[in-house]
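What follows is a single structure, written as structure tokens, with notes after it.
Bear in mind these aren't lab numbers, they're just calculated from the coordinates by the rules spelled out. The structure displayed is predicted, hence computed values, not measured ones. Cβ placement follows ideal geometry from the backbone for every residue including glycine, while neighbour counts extend to all protein chains displayed.
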Amino acid sequence: MDIRKVGIIGAGQMGNGIAHVCALSGYDVLIYDISAESLKNALATINGNMARQVKKEIITEDERIAALERIRPVEDMADFSDCDLVIEAAAEDEDVKRSIFTALCPHLKPGALIGTNTSSLSITRLAAATDRPEKFMGVHFMNPVPLMELVELIRGIATDEETFQTIKAFADSLGKTTSVAEDFPAFIVNRILLPMINEAVYTLYEGVGNVEAIDTAMKLGAHHPMGPLELADFIGLDTCLSVMQVLYEGLADSKYRPCPLLVKYVEAGWLGRKTGRGFYDYRGGEPVPTR
């Protein structure tokens, strides 16, 4: 199957990043969100990120202009009727995703493929909410999408070989490297990364070190580009908690129990960079540790 037009559901950080790389790779892109404000912000973000790429001489000004012209915001999923592939990049909430697929499927042409950018949820279960589980699979981009080289590919139990090969070729065409994961909770990257972040939160919770000490230790002692608590704020503490809950419930192992301090921060609405406060306070000129 030849993919020419890509639909994206969700205009947040992941959705606008996927739209960005698809448009730069020559695909026509439709991007949908229930919020008109989110769509407006997404287009501004894409424009700004591409402008930075021009400044760094990663792309040319002509490439930026051509890519922006390929992106069209839409306010109705019926506009996805001629898309070859639709990628869902909504919140990491299974009920939300299942309701999206239920609403989406009646508008798709028979041969259209569906991808989900879920970072942890069962591909097989999500596929069961569609009318085409054999044409459904996980296409997990890393954040920030324009910079990160990897895409995890995850087949559900029903995903057919043609769908897998088509989406793999699509990911390759974006200049990404693919890693194939089995359909287990959190796949590969987050199965390893999020327990590390959760352990860093436990280290803070138990008073082994403060925020600054923990992040400095991992940056200088393990050569991580970001400390685990700084990274948690970047990902979003709500997303971190969601993934840990999926691991804990899906694998029934106490080592995946979300740290109570992580739960407390999410309950407070301190979700990291996107809300201005998390393990750091971002409301001033420089991030300041909150513990």
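As a length-normalised measure over Cα pairs under 8 Å and 6 or more apart, the relative contact order of the range 5-181 settles at 21 percent. For a test of the definition: using alpha carbon positions, the gyration tensor, and the 1.5 limit on a/c, classify the range 190-280 as rounded, prolate or oblate. Taking the square roots of the gyration eigenvalues as a ≥ b ≥ c, the range 190-280 is oblate.
Largest GNM mean-square fluctuation across I65, I157, I31, computed for the chain with C-alpha springs under 10 Å, falls on I65.
Our helix-only sum for the chain, with -39,500 (n - 2.57) per DSSP H run of n ≥ 4 divided by its residues, gives a mean residue ellipticity at 222 nm of -14000 deg cm²/dmol. Couplings for the range 102-107, taken from phi via the Karplus curve 6.51 cos²θ - 1.76 cosθ + 1.60 with θ = phi - 60°, read 4, 6, 6, 4, x, 8 Hz in order; Gly and Pro are left as x.
For each of C22, C240, C259, count neighbouring Cβ atoms within 10 Å of the residue's Cβ, then give the residues from fewest to most. Intermediate values should be presented prior to the final figure.
Details: C22 27, C240 30, C259 21.
Ascending Cβ contact count within 10 Å gives the list C259, C22, C240.
Annotation: aspartates and glutamates with alpha-carbon distance below 13 angstrom to K255 (same-chain offsets under eight excluded): E199.
Taking loop as defined by DSSP and a crowding limit of 14 other beta carbons within 10 Å, which GluC sites (Glu not before Pro) in the range 90-189 fit?
On the way: sites: E92, E94, E134, E149, E152, E161, E162, E182; in loops: E92, E149, E182.
Filter output for the range 90-189: E149, E182.
Please report how far the C-alpha centroid of the range 221-290 lies from that of the range 59-97, rounded to the nearest whole angstrom. Cα centroid of the range 221-290 versus Cα centroid of the range 59-97: 28 Å apart. Legend: calculated FRET efficiency, E212 to E149, from the Cβ-Cβ distance at R0 = 30 Å, rounded to 0.05, equals 0.50. Result for the chain in a Gaussian network model with C-alpha springs under 10 Å: among G15, G221, G269, the largest mean-square fluctuation is at G221. P(r) tail for the range 59-147: Cα pairs beyond 18 Å make up 50% of the total.
Which whole-number percent gives the relative contact order of the range 190-280, counting Cα pairs below 8 Å spaced six or more residues apart?
Numbers: 106 pairs, mean separation 27.6, N = 91.
Averaging sequence separation for qualifying contacts and normalising by length gives 30 percent for the range 190-280.
For the chain, modelled as a GNM whose springs connect Cα atoms under 10 angstrom apart, the maximal fluctuation among D238, D84, D281 occurs at D281.
When a footprinting reagent is the concern and you count Cβ atoms within 10 Å, what order do V180, V263, V145 take, fewest first?
On the way: V180 12, V263 15, V145 23.
In order of increasing Cβ crowding within 10 Å: V180, V263, V145.
Using the structure shown, list the pairs from K40/K219; K40/K135; K40/K97; K5/K135; K97/K176 with a Cα-Cα distance above 27 Å, or answer none. Intermediate results must be reported in sequence, preceding the final value.
On the way: K40/K219 36 Å; K40/K135 31 Å; K40/K97 22 Å; K5/K135 16 Å; K97/K176 25 Å.
Checking Cα-Cα distances, K40/K219; K40/K135 exceed 27 Å.
One chain, two ends: E69 and K55. Fully extended at 0.36 nm per residue, the span grows by 3.1 nm beyond their Cα-Cα distance.
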